[in-house]
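The structure appears right after this line, and notes come after that.
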Amino acid sequence: RALPDGTVVLDERGTVTWANKAAQTYLGIRWPDDAGQRITNLIRLPEIAEFVDENKKLSSIDIVSPTNPDIHLNVRITPYGNAQRLFVARDVTQLHRANRIRRDFVANVSHELRTPITVLRGYLENMSSQREQCPPAWQKALGQMLEHVARMQSIVEDLLVLSKLEQGDEIEHVEVVSVASLIADIQRESQLLKTRYEHMFALEVDTSLEI
């Protein structure tokens, strides 16, 4: 009863046989008023119905509290005893909020970096195309700056893609990706990582492989 998590004891049919006070706060399940009721009748969420009936496929799920839309819960079901199951709902609102702040931060920073990097790359490309007007001592520096700006631009684009993917689970479109081309792109990017070592790359890729 002292557990801070909403805790409900279910029998093999998913019927409530006990619940603590936190279960009423987070899930709206009242003990002993709701004794003998199926938990899927008390929490009318499709994901809960699927999770209770087929919970072996997932270790846990995240839901919005049916009693308070501002509270996010992580729900787990643990078998124990004689065909009983422990239904535990933990408040993960702070974690959910922190993840949202992190996603927003990555998205905002990526957008803000995109413009200055594009400007820098434009100037460097113009300067590199007019090498005869630049002092010889600048040639190597210009080349290295252009390579690293291109790498920074690629990182920003990757961050924007990751940020977009984290916004939701829906896939806008499906396309076939060539594994050979993907690895070749990675090789080209890795060659921009200038170090004091001279690395040699050798690729053996089946060109028919696709994702």
So, first residue closer than 20 Å to residue 192 by Cβ in segment 123-142, second residue at pLDDT below 80 and open to solvent by 80 Å² or more (accessible area, probe 1.4 Å), Cβ within less than 8 Å, six or more apart or across chains; the pairs are 139/131; 142/131
Based on this model, can you work out whether residue 119 counts as open to solvent by less than 60 Å² (accessible area, probe 1.4 Å) and either in contact with a helix residue (DSSP H, G or I) (Cβ under 9 Å, 6 or more places away or on another chain) or of a type outside the set (D, E, K, R) (or both)? no
Filter result for residue 75 (buried (at least 16 other Cβ atoms within 10 Å of the Cβ), of a type in the set (A, V, I, L, M, F, W, C), more than 19 Å from residue 92 (Cβ to Cβ) and at pLDDT 90 or above): no
Do you know which residues across segment 80-99 are surrounded by 12 or more Cβ atoms within 10 Å (Cβ to Cβ) and over 18 Å from residue 3 (Cβ atoms)? 95, 96, 97, 99
Residues 50, 132: which one is touching a strand residue (DSSP E or B) at 6+ places or on another chain (Cβ under 9 Å), over 20 Å from residue 166 (Cα atoms), part of a helix (DSSP H, G or I) and of a type in the set (Asp, Glu)? 50
Run down 157, 147 and say which single residue is of a type outside the set (A, V, I, L, M, F, W, C), surrounded by 12 or more Cβ atoms within 10 Å (Cβ to Cβ) and more than 26 Å from the chain's Cα centre (by Cα). 147
Could you go through segment 185-201 and let me know if any residue there is touching a Lys or Arg at 6+ places or on another chain (Cβ under 6 Å) and either open to solvent by less than 80 Å² (accessible area, probe 1.4 Å) or on the phi > 0 side of the Ramachandran plot (or both). yes
Residue among 99, 82, 68 that is assigned to a loop (DSSP other than H, G, I, E, B) and modelled with pLDDT under 90: 82
Identify all residues within segment 22-65 that are open to solvent by 70 Å² or more (accessible area, probe 1.4 Å), within 29 Å of the chain's Cα centre (by Cα) and farther than 11 Å from residue 89 by Cα; write none if there are none. 44, 46, 47, 50, 53, 54, 56, 57, 58, 59
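I'd like the full set of residues that are in a strand (DSSP E or B) and under 23 Å from residue 71 (Cα atoms), limited to segment 11-27.
Across segment 11-27, the qualifying residues are 16, 18, 19.
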Can you confirm whether residue 210 is without any contact (Cβ under 8 Å) to a residue 40 or more places away in the chain and surrounded by 12 or more Cβ atoms within 10 Å (Cβ to Cβ)? yes
If residue 141 satisfies all but one of (1) in a helix (DSSP H, G or I); (2) under 30 Å from residue 211 (Cβ atoms); (3) open to solvent by less than 80 Å² (accessible area, probe 1.4 Å), what's the number of the condition it fails? (2)
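The values are calculated or read from the model by the stated rules, or taken from the named source; none is laboratory data. Predicted, not measured: the structure shown is a model, and the values here were computed from it. Methodologically, a virtual Cβ is constructed for each residue, glycine included, from the backbone with ideal geometry; neighbour enumeration extends over all protein chains shown. Just so you know, the surface numbers come from the protein's heavy atoms only, side chains and all, with ligands and any DNA or RNA stripped out. Shrake-Rupley method; radii C 1.70, N 1.55, O 1.52, S 1.80 Å.
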